[in-house]
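Visitor: Below: one structure in structure tokens.
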Amino acid sequence: MNASVEALGASPRVVEARDIPALLGVILESGYRLLGPTVRDGAIVYDEISGARDLPEGVGQEQTNGRYRMKARGDHALFGYTVGPHAWKRFLFPASLRLFGVSREKRALHVEREPDDPRPVALLGVRPCDLAAIARQDRVLLGGALADPSYRARRETALIVAVQCGSPEGNCFCASLGTGPRASSGFDLALTERIGDGRHDFVVEIGSESGARLLGRIESRPASAEELAECRAFGRRAASAMGRALDVTGLKELLEASVESPRWEEIAGRCMSCANCTMVCPTCFCATVVDASDLAGVSAERRRQWDSCHTLDFSYIHGGSIRRSPASRYRQWMTHKLATWVDQFGETGCVGCGRCITWCPVGIDLTEEARVLKEGRPRPAA
Amino acid sequence: METLDPLLAEHPFLSGLTPPQIATVAGCARNERFEAGQFLFHEGEEANHFFIIRHGKVAVDVAAPPRGGITIQTVADGEILGWSWLVPPYRWRFSAQAKELTRTIALDARCLRQKCEEDHELGYELLKRFADVVGQRLDATRIQLLDVYAAEPAGRHR
Amino acid sequence: MTEVLEASPAVSPLAASGAGPDPMLPVPFVVERTQHETADTFTLELLRPGGGVFAFAPGQFNMLYVFGIGEVPISISGEPAFPQRLVHTTRVVGAVTRGMGALRRGDAIGVRGPFGTHWPVEQAVGCDVVVIAGGIGLAPLRPALYEILAHRERYGRVVLLYGARTPDDILYRRQLREWRGDFDLDVHVTVDRAIGDWRGNVGVVTTLIPRVPFDPYNTVAMICGPEAMMRYTVLELERRGVPSENVWLSLERNMKCGIGLCGHCQCGPKFVCRDGPVFGCRDVWDLMSRREL
């Protein structure tokens, strides 16, 4: 029996796994583009999906420095993994976005803003670290005097279905930053998957009116106090099973004092300036603009594209680049993420998702680099 | 432990100083070594030392972003590095970076300035020698400025 | 370790941000006049189509868009008291500035701005003012001079020290001669090197500082030029007794958006487009002293 929105209230409910396809169906019927996890190209990525059958059922992940593999879990878990190479910024802050078109008639210019995509997006499977990352980007792109209009348009209409974490993977360290393993806000619905001992269901926390409305259209029952306690216990267990840890005490001051540390040069001996870390990082927001015209010189456009402080051109002004050396560029990235971001936005830019560690081809681990800067000596290889 | 007196006494820069004057200078001296790539000092910092290069090579450079650091001179074995300590506001006007392992005798400028205030004879002897160093640097800089190797002379009028 | 299981809720900026005109859309302006200044520098005077004014504060900049080529940040060089004309002096250093240099009267150019912080013209009221410009650095300082001279009675001694590379690189020659003729403005020009018939000062601009009378304890100094020149000028002013909290500089960095969102212009924690380009010396001295920051 479908419960009415009023009857639901805001208390958590329990949804059977078999009713998840109905939930996704309701989201699609409401006009959202459904964006969720799916297996493609050897990884669990985020893409437009058409329903529950596209989810990575029974697929897990193994991640360590510079290494990512999927694995078979041996069960039917729908969200049995943490995060893959994609971050939700690819939908909210697209890698390439047309900003405007310009046409030239005689000598006059006519500028026309690219209209925003009218279809709202539903983000399915957002981990708490990624919720925190979205909040970081909200602060950067909307919190200043001049906000990013296309980001705001997408964010205002986005539906967020979060998935709470119970099993961290090898590079996770959200607990160090207080961004997980469980989230208490920032979502419309938050699912905690429970699988094993013959059951497969989801405890669903309601975070908004939209979430309640959608949930009200499928089967669910109230969650008991014991069930909620069990969810919290999952979180506690996860918090103590993190793959890594970042010592945040005095971290900003440490980085400020490490501007001339010889460690940057040592890192530069490994870092290839490939910019993978900035591409996979869910909070990195640096972008460039590319202006191009047609051959006739009659119409032109500007596109905004992701950029990376790791590239040599990033800091180019006439005469050369300010940050020429790879050491200065790695220093910029890490110092910005963990220290100057705090000066700029009042919070750290890192959410502990660990993607940069997984996807660095040489496996640089910023938690380890932070430790070396603090203690002054590298940990001997295991 | 050997003192630095004999080393200092031998150095041409200090030749002509009396043994008590050498001893006074030695009292402000110590050995200091810099690895390749290490900065001896940075532009803008307080100039609290000058250096007698015993062995090695130091590049004197200016940070000119975005062109990076521009080396304007190199100082090598036996040469003197640093005169900013003599002139207020006692701040380095340039940076200095060891290009290879460099061993120096570092002289504590605050200590020496004090000694020079107390002993004007010593002060005058040191100033004479430094005036010479600065004069040489100035000549060299002016000639560099002429850009004499350029295909077209600098600042040519149209 | 504290048991932090649930991320604490943050106040969402989503609710707070309001809608407004899109700051990433260039507004077309029309070239009214072009002026060749030196071999590689030119000035454009722009008008807003349909009339209207472009109000700005001295020290601010615009992002100028050349159709199909791209956009660059250029300081505004005109008179704040005459906002009908938007004036930009630019040096040709790449594709966009070369494209700008090829514009002729009647051509269109896109303008976004004004952005950034401004020279402390208000704070300098009641003080001596020393303006020190190196090379193209005179362009962002000119509006400050116009503003100060428009209210001359509010200030003490006003001094302009300007250093160019060679006599051929001196900007705003006619304007400088007019200013030199003023009884209450002290103008000194020098070149780094000169041959031929230059009879004026030769030497870097810092050499002019000891020659000019001003009260160091009651002076506001505004400096613009290459970073190395600004650093040495600050040191020379310090020797003269001007405390660094009375000194302002203008920094330059790569900019793509001009509004603090693209990340390119960061210098340490500062966004040069938004926290600058004009900075109090105290706020950026440490940043300027480090390499590759």
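Visitor: List the lysines whose alpha-carbon lies under 21 Å from that of B:K128, not counting same-chain residues fewer than 8 positions away?
Guide: The qualifying lysines are B:K115.
Visitor: Separate question: Evaluate the relative contact order of chain A (contact order divided by residue number), counting alpha-carbon pairs under 8 angstrom at least 6 apart; express in whole percent.
Guide: Numbers: 710 pairs, mean separation 85.2, N = 382.
Relative contact order comes out at 22 percent.
Visitor: Averaged across orientations, what area in nm² does the convex hull of the alpha carbons in chain B project? Provide the component values of the computation, followed by the final result.
Guide: On the way: hull surface 46.2 nm².
Averaged projected area of chain B's Cα convex hull equals 11.6 nm².
Visitor: Please sort A:103-110, A:315-322 by packing, taking for each peptide the average over its residues of neighbouring beta carbons within 10 angstrom, highest first.
Guide: Values: A:103-110: 13.8, A:315-322: 18.2.
Going by the mean number of other Cβ atoms within 10 Å, highest first, we get A:315-322, A:103-110.
Visitor: Tell me, what is a quarter of the convex hull surface for the C-alpha atoms of the protein assembly as shown, in nm² with one decimal?
Guide: Details: hull surface 173.6 nm².
One quarter of the hull surface, i.e. the mean projection, equals 43.4 nm².
Visitor: Hey, another quick one. Compute for chains B and C the buried accessible surface, both sides summed, probe 1.4 Å, and express it in Å² to the nearest 100. Let's see the in-between values first.
Guide: Numbers: alone 9790 and 15460 Å², together 23490 Å².
Adding both sides of the contact gives about 1800 Å².
Visitor: Could I ask something else about it? Note every residue of segment C:55-101 with a reduction of at least 10 square angstrom in accessible area, all protein chains present versus the isolated chain, computed with a 1.4 Å probe, or write none.
Guide: Going by heavy-atom accessible area, the residues of segment C:55-101 that drop by at least 10 Å² are C:Y65, C:F67, C:G68, C:I69, C:G70, C:E71, C:R91, C:V93.
Visitor: I would also like to ask the following. Let a ≥ b ≥ c be the square roots of the eigenvalues of the Cα gyration tensor of segment A:251-375; is it rounded (a/c under 1.5), or, if not, prolate (a/b larger than b/c) or oblate? Intermediate results must be reported in sequence, preceding the final value.
Guide: Values: a/c = 2.05, a/b = 1.86, b/c = 1.10.
It is prolate, given that a/c is not under 1.5 and a/b is the larger ratio.
Visitor: Working from Cα positions, state the angle (0 to 90°, nearest 10) between the long axis of helix B:109-118 and the longest principal axis of chain B.
Guide: 60
Visitor: Further question on the same structure: Treating only the Cβ of Lys, Arg, Asp and Glu as charged (+1, +1, -1, -1), what charge dipole size does segment A:110-204 show about its Cα centre? Round to the nearest 20 debye.
Guide: Details: 11 positive and 13 negative charges, 48 e Å.
For segment A:110-204, the charge dipole is close to 240 debye.
Visitor: While we're looking at this one, here's another question. How much area per residue is accessible in the protein assembly as shown when the probe is 1.4 Å and only protein heavy atoms are counted (Å²)?
Guide: That works out to 43 Å² for each residue.
Visitor: Still on this structure, I have one more. Ordered by packing density, taken as the mean number of other Cβ atoms within 10 Å over each peptide's residues, highest first, how do B:73-84, C:213-224, B:117-128 rank?
Guide: Values: B:73-84: 17.3, C:213-224: 19.7, B:117-128: 14.0.
With the highest mean Cβ count within 10 Å placed first, the list reads C:213-224, B:73-84, B:117-128.
Visitor: Something else: Pick from B:P66, B:P88, B:P20 the residue whose mean-square fluctuation is largest in a GNM of chain B, springs joining Cα atoms under 10 Å.
Guide: Among B:P66, B:P88, B:P20, the largest mean-square fluctuation in the Gaussian network model of chain B belongs to B:P66.
Visitor: Can you give the helix-only mean residue ellipticity at 222 nm for chain C, where every DSSP H stretch with n ≥ 4 adds -39500 (n - 2.57) and the sum goes over all residues, rounded to the nearest 500 deg cm²/dmol?
Guide: Numbers: 6 runs with 56 residues, N = 293.
Taken over chain C, the calculation gives -5500 deg cm²/dmol.
Visitor: Separate question: Summing both sides, how much accessible area is buried between C and A? Use a 1.4 Å probe and give Å² to the nearest 100.
Guide: Working: alone 15460 and 18070 Å², together 28380 Å².
Between C and A, the summed buried area is about 5200 Å².
Visitor: Which of the cysteines found in chain B have nothing to pair with, since no other Cys Cβ lies under 4.7 Å from theirs?
Guide: Cys with no partner Cβ under 4.7 Å: B:C116.
Visitor: To the nearest 10 Å², what's C:F279's accessible area with a 1.4 Å probe?
Guide: In the full protein context, C:F279 sits at about 10 Å².
Visitor: Further question on the same structure: Obtain the radius of gyration and the Kirkwood radius of segment C:22-175 from its C-alpha atoms and give Rg over Rh. Display every interim value, and only then the final one.
Guide: Values: Rg = 15.6 Å, Rh = 16.1 Å.
We get a ratio of 0.97 for segment C:22-175.
Visitor: Return the lysines within reach of B:K57: Cα separation strictly under 20 angstrom, same-chain partners fewer than 8 residues apart disregarded; answer none if there are no such residues.
Guide: Once the sequence-local lysines are set aside, what remains near B:K57 is B:K99.
Visitor: Please report, for the Cα atoms of segment A:41-157, the Rg to one decimal and the Dmax as a whole number; what are they, in angstrom?
Guide: Taking only Cα atoms of segment A:41-157, I get Rg and Dmax of 18.9, 67 Å.
Visitor: Let me ask something additional. Find the eigenvalues of the gyration tensor of the Cα atoms of chain A, then list the square roots of 5 times those eigenvalues as equivalent ellipsoid semi-axes, largest first, in whole angstrom.
Guide: Details: eigenvalues 259, 178, 62 Å².
Semi-axes (√(5λ), whole Å): 36, 30, 18.
Visitor: Can you grab the distance from the C-alpha centre of segment C:76-147 to the C-alpha centre of segment B:89-142, Å, no decimals?
Guide: 43
Visitor: Where does each of A:W341, A:W306 land when they are ordered by accessible area, with a 1.4 Å probe and the largest first?
Guide: Values: A:W341 0, A:W306 55 Å².
From most exposed to least exposed: A:W306, A:W341.
Visitor: Can you work out the Karplus-derived ³J(HN,Hα) for every residue in segment A:321-336? Use 6.51 cos²θ - 1.76 cosθ + 1.60 with θ = phi - 60°, whole Hz, and x for glycine or proline.
Guide: 9, 5, 9, 7, 7, x, 4, 5, 6, 5, 4, 4, 5, 5, 5, 4
Visitor: Can you give me the % of accessible surface on the protein assembly as shown that is carbon or sulfur? Probe 1.4 Å, all protein chains present, nothing else counted. Write out the running numbers ahead of the final one.
Guide: Values: 18690 of 36030 Å².
Here carbon and sulfur together make up 52 percent of the probe-accessible area.
The values are calculated or read from the model by the stated rules, or taken from the named source; none is laboratory data. Because the structure is predicted, anything quoted here is derived from the model rather than measured. When we count neighbours, we look across all protein chains shown, and the Cβ atoms used for this are built from the backbone with ideal geometry, even at glycine. For the accessible areas, the whole protein counts, side chains as well, though only heavy atoms, and no ligand, DNA or RNA atoms are used. Shrake-Rupley method; radii C 1.70, N 1.55, O 1.52, S 1.80 Å.
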